[in-house]
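Data block below; observations after.
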Amino acid sequence: MACVLGISAHYHDAAAALVVDGQVIAAIQEERLSRIKNDPGLPIAAALACLQFAGIDPQAVDALAFYEEPFAKLERVLVHLLRHLPRTWRLFPRALASQLGSKIWVLDHLSEATGIPRDRVHTCEHHHSHAASAFLVSPYDDAAVLVVDGVGEAHSTTLWHGQGGALRMLASVDFPHSLGLLYAGLTAWLGFPINEGEYKVMGLAAWGRPNLRDEFAKIVTLHPDGSYQLELGCFAHMSDAELGFGPGLERILGPRRPPGRPWNLDDPADRRYADVAATLQCVLEDALLGLARRAKALTGSKHLCLAGGVALNARANARLRREAGFERMFVQPAAGDAGGALGAALIVSQRLGDPRPPALVSAALGLPIDAARGHAIARELGLSVRLLDDPATTTARLIAEDRIVAHARGRFEWGPRALGQRSLLARPRDRNIRERMNRLIKQREPFRPFAPAILSERTAEYFAADADDMSPFMTTVAPVLATKQDRLAAVTHEDGSARLQTVEAARAPELHAVLTALATTGEDPIALNTSLNGAGEPIVASSEDALAFFLRHNIDALILADLLIERPK
Amino acid sequence: MSDQTATLARLLAPLAWRTPARAARKLQSFARAEQGSMLDLRLAAARTPSPARAALYLRHADDEARHAQMFARRAQRLASEARRPPALKPLQADSERLFESLGERDFLAFVHMGEDRARRQFDAYVLWFREHGREQDAKLFETILVDERRHGEYTRTLLGELAGDEASARQALRRVARWELGRRWLRAGRFIAERIYLVATLILYLLAAPLTLLIRLARPIRRGWQT
């Protein structure tokens, strides 16, 4: 029986996860505590918070598991820097400084900062960590596992077969060919920041037509065996990590969209950019379909698990679910690099003889709200605070009155999605609520959708789909029934789909109670559910963060555990 | 030190604000500084044992977030007016976690000194903008100055309360001033070291050039499935 702390760090979205006796106890992204979006730094605050939550002293930790092999990564970086000489002359000093200055010493740094002895620090391979993060907490005993991201040590795509507690790698596609970096390059070309704007590209895709297939055939080749190959002249990830795309891409698709320019989808130029996003989405889905079919052929499994940053593409996941030939499919809520911390912890936990954990039921793996502290600070701030007997009923009443409610109850979520513990909730009926939400809080591009959360058992009344293994974690989309699109105008995307969350009491009890209360009053059992954060900020974690959010944004009410903080009407 | 700040601001103002592109970059750097300060204050609110001080830090952080937005918006506007619009760095700041490294008393002393310095610098800019008929920019800084003065006052009062007496408060201010000097020295050292490192790695790069052929032969790019 062992206590294992998993860590992912140094690229983007650093995180820590704690596994004790094979059970996932806590998992926290560093950004939630440092308040720096996608914080890549060593997740010491997250690691110590996990231990403190579990009441475990660092000395009692049996192993610290890091999610990749630092020296294998160094080798890949050096080989590529030298292979692409002289194009890499600008990247060389930066890459070397980053590798030699901090990344190869990461295991020592982690040991020093956490107080866990160095001889208890282990490493796992990057894609193995991803695969474990999905398969080992999935509800399947046997599954094909597909990992697709930018790059790990050397691989950018891997196929695995998971059986019982074991994972066996079957095949890989190696860097510099990478679907993650294809998406990143096009994200940069569309004027969005890499590692941050990918969701925006996915949202934009619904507004365009996939009519640039011929152009994309010059950018990426999809082979009949499921593998793929990038036209490397279109990309710059071998020689410039920040730019993302090369001159070849502009020769094929035209000049990049200037970053920061406001979007106007009535403008033909922006329409064409939307067409590029739509074609990219189709090409990505085709590529993933090829990979999934290959995985099916190699494993013969009925189930598919997906991990890596690309697995957060909910539209692609829905298409895989429909067309790849698997009966069931699972995507872990923190499928990106943060999830590597969980995977590494699970791998080492198994190495130390612990059993595989039960299937992940809830993403609420963070820290709880300190209501007493929140109450004391809110009073000092002169806010109107009321203690509630039944927060769910009050929240439902506010939503039914068309008010926007910040809902911070329970432990915060693991992964990029707010699943009811740190959410902004609103009535999904009126399209104007989207504009209000954007104007007051999110300041998002107009093409980005908002998501619905629905009582699981009532899903089929509103969507052309049932709850599945992905929908509780908001990692898939479903078509909204044509007859319900008017009732769900605020959460129906341009293409008639919605990135739904199906809610069960066991997975998100607080949100389930709110939706049940809504249904009891004759409302639809659905709420618009978007993350509780301001533009460019990480999702709220603590009561202080929630109060800071309330001060900064003109929302109607904040539910903080069992407290109601209301703004005068 | 504080008078030096104002003098330096007056002397450098013509350079800093000469063209819309330069002004945009300068304002964006102020926006990032305010954003960084906001992060530090929010972390302080989470760490302080006193709910009353947490509330004050949260209000202060809220002001800093608003200032960051005001600076960033003006920077965007000026950038769009520039003949060659500059690429402004995104409004993403880092936190130095000063509350944890300095402790609450010295953190307050640091914040107070920063606010005081900003006030003198901004006062000098307002004068310069007025003299040059740039009313909009003068108004921007004047609006922010109202908050900066309030921040300077409350942090000084709070520092006095936390320190227990005036002598201890002054001691904290002197200690932080010394710490800031040391930090500047280290930053200067790092600046020089980075340049030396850059030259050294470029030399290393040239020396490694012959390996390129070898690597291309021995480790070619792999395509398709690897098993």
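All of the numbers you see were taken from the coordinates with simple rules; none came from a lab. Only a predicted model underlies this, so the values are computations on that prediction, with no experimental measurement involved. Note: ideal-geometry Cβ built from the backbone for every residue, glycine included; neighbour counts use all protein chains shown.
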Requested in this report: State the Cα centre-to-centre distance between region A:386-422 and region A:514-567 in whole Å.
Outcome: 5
Query raised in the report: Too long at a 30 Å Cα-Cα cut-off: which of A:LYS200/B:LYS89; A:LYS302/A:LYS442; A:LYS218/A:LYS302; A:LYS218/B:LYS26?
Result: A:LYS302/A:LYS442; A:LYS218/A:LYS302; A:LYS218/B:LYS26
**Report entry** Debye-sum result for chain B in log10 I(q)/I(0), which assumes one identical scatterer on each alpha carbon, at q = 0.15 Å⁻¹
**Finding:** -1.06
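Jot down the per residue volume, in cubic angstrom and as a whole number, of the convex hull over the alpha-carbon atoms of region A:492-569. Walk me through the numbers before you get to the answer.
On the way: hull volume 12.1 nm³, N = 78.
Dividing the Cα hull volume of region A:492-569 by its residue count gives 155 Å³.
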Query - Selected from A:LEU5, A:TRP105, A:ALA324, residue furthest toward positive end of dipole (the protein assembly as shown; charges at beta carbon) - result: A:TRP105
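How much mean residue ellipticity at 222 nm does chain A get from its helices, if each DSSP H run of length 4 or more adds -39500 (n - 2.57) and you divide by all residues, to the nearest 500 deg cm²/dmol? All intermediate terms of the calculation are to be shown ahead of the outcome.
Numbers: 18 runs with 194 residues, N = 569.
Helix-only estimate at 222 nm: -10500 deg cm²/dmol.
Please identify the helices of chain A, taking whole runs of DSSP H, that span at least 27 Å along their own axis as judged from the Cα atoms and have a mean Kyte-Doolittle score of 0.0 or higher. Write out the running numbers ahead of the final one.
Details: long enough: A:268-299 (46 Å, 0.13).
In chain A, the long hydrophobic H runs are A:268-299.
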Query raised in the report: Once you put a point 7 Å from the Cα of A:ARG351 and another 7 Å from the Cα of A:ALA535, both along the Cβ direction, what distance in nm separates them?
Result: 4.6
Report task. Starting from the Cα gyration tensor of region B:27-102, take the square roots of the eigenvalues, sort them a ≥ b ≥ c, and report rounded, prolate or oblate (rounded when a/c is under 1.5, otherwise prolate if a/b is larger than b/c, else oblate). Result -> prolate
Query - Total formal charge among the other residues, if their Cβ is under 13 angstrom from that of A:LEU387, Lys/Arg +1 and Asp/Glu -1 - result: -2
Requested in this report: Return the whole-Å distance between the Cα centroid of region B:121-167 and the Cα centroid of region A:291-338.
Outcome: 55
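What does the helix-only formula give at 222 nm for chain B: each DSSP H stretch with n ≥ 4 adding -39500 (n - 2.57), the total divided by the residues, and the result rounded to the nearest 500 deg cm²/dmol?
Numbers: 8 runs with 187 residues, N = 227.
Helix contribution divided over all residues of chain B: -29000 deg cm²/dmol.
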Query raised in the report: How much FRET efficiency would the formula 1/(1 + (r/R0)^6) give for A:THR520 and B:ALA177, where r is the Cβ-Cβ distance and R0 is 56 Å, rounded to 0.05?
Result: 0.35
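Please average, across the residues of A:84-94, the number of beta carbons from any other chain that are within 10 Å of each residue's own beta carbon, and give a whole number.
Average per residue, whole number: 4.
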Query raised in the report: Separation between the B:GLN92 and A:ALA269 pseudo-spin-labels, each 7 Å from Cα along Cα→Cβ, expressed in nm?
Result: 2.6
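With +1 on each Lys and Arg Cβ and -1 on each Asp and Glu Cβ, and nothing else charged, work out how big the dipole of region A:367-508 is about its Cα centre, in Debye to the nearest 20.
Roughly 560 debye, rounded to the nearest 20.
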Query raised in the report: Based on the mean of other beta carbon atoms within 10 Å per residue, what is the order of A:222-232, A:193-203, most packed first?
Result: A:193-203, A:222-232
Query raised in the report: Using only Cα atoms, what Kirkwood radius does chain A have, in angstroms?
Result: 24.0
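With loop defined by DSSP as not H, G, I, E or B, and exposure as at most 13 other Cβ atoms within 10 Å, which is the longest segment of chain B clear of exposed trypsin sites (Lys or Arg not before Pro)? All intermediate terms of the calculation are to be shown ahead of the outcome.
Details: sites that count: B:ARG18, B:ARG83.
Here the longest segment lacking exposed loop sites spans B:84-227.
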Query raised in the report: In degrees between 0 and 90, to the nearest 10, how far off the longest principal axis of chain B does helix B:2-16 point, with axes built from Cα atoms?
Result: 50
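How big is the charge dipole of the protein assembly as shown about its Cα centre, in debye rounded to the nearest 20, if each Lys and Arg gets +1 on its Cβ and each Asp and Glu gets -1 on its Cβ?
2460
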Report summary line: Out of A:LEU265, A:GLY309, A:PHE235 - ranked by how far each Cα lies towards the positive end of the dipole of region A:234-310, with unit charges on the beta-carbon of charged residues - the top one is A:GLY309
Requested in this report: Using only alpha carbon positions, build the gyration tensor of region A:287-331, then give the equivalent ellipsoid semi-axes as the square roots of 5 times its eigenvalues, largest first, whole angstrom.
Outcome: 16, 10, 10
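Can you pull out the chymotrypsin sites (Phe, Trp or Tyr not before Pro) in region A:1-105 that DSSP calls coil and that have at most 16 other Cβ atoms within 10 Å? Numbers along the way, then the final one.
Details: sites: A:TYR11, A:PHE53, A:PHE66, A:TYR67, A:PHE71, A:TRP89, A:TRP105; in loops: A:TYR11, A:TYR67, A:TRP89.
Those satisfying the criteria are A:TRP89.
Given a Förster radius of 35 Å and the C-beta distance between B:ARG150 and B:LEU186 as r, what FRET efficiency does 1/(1 + (r/R0)^6) yield to the nearest 0.05?
Working: r = 32 Å, r/R0 = 0.91.
My answer for the efficiency is 0.65.
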Query raised in the report: Along the charge dipole of region A:36-158, Cβ charges K/R +1 and D/E -1, which of A:ALA72, A:HIS127, A:ALA95 sits furthest on the positive end?
Result: A:ALA95
**Report entry** Spatial separation of Cα centroids for region A:245-266 and region A:186-238, in angstrom
**Finding:** 12
Requested in this report: Just the ratio, please: alpha-carbon radius of gyration of region A:460-509 over 2.2 N^0.38 Å, N its number of residues.
Outcome: 1.12
Report task. Note down the nm distance, to one decimal, between modelled labels 7 Å out along Cα→Cβ at B:SER29 and at B:ILE203. Result -> 3.1
**Report entry** Rule-of-thumb Rg ratio for region A:322-445 [Cα; 2.2 N^0.38 Å; N residues]
**Finding:** 1.42
**Report entry** For region A:211-268, size of Cβ-based charge dipole, Lys and Arg +1, Asp and Glu -1, in debye
**Finding:** 80
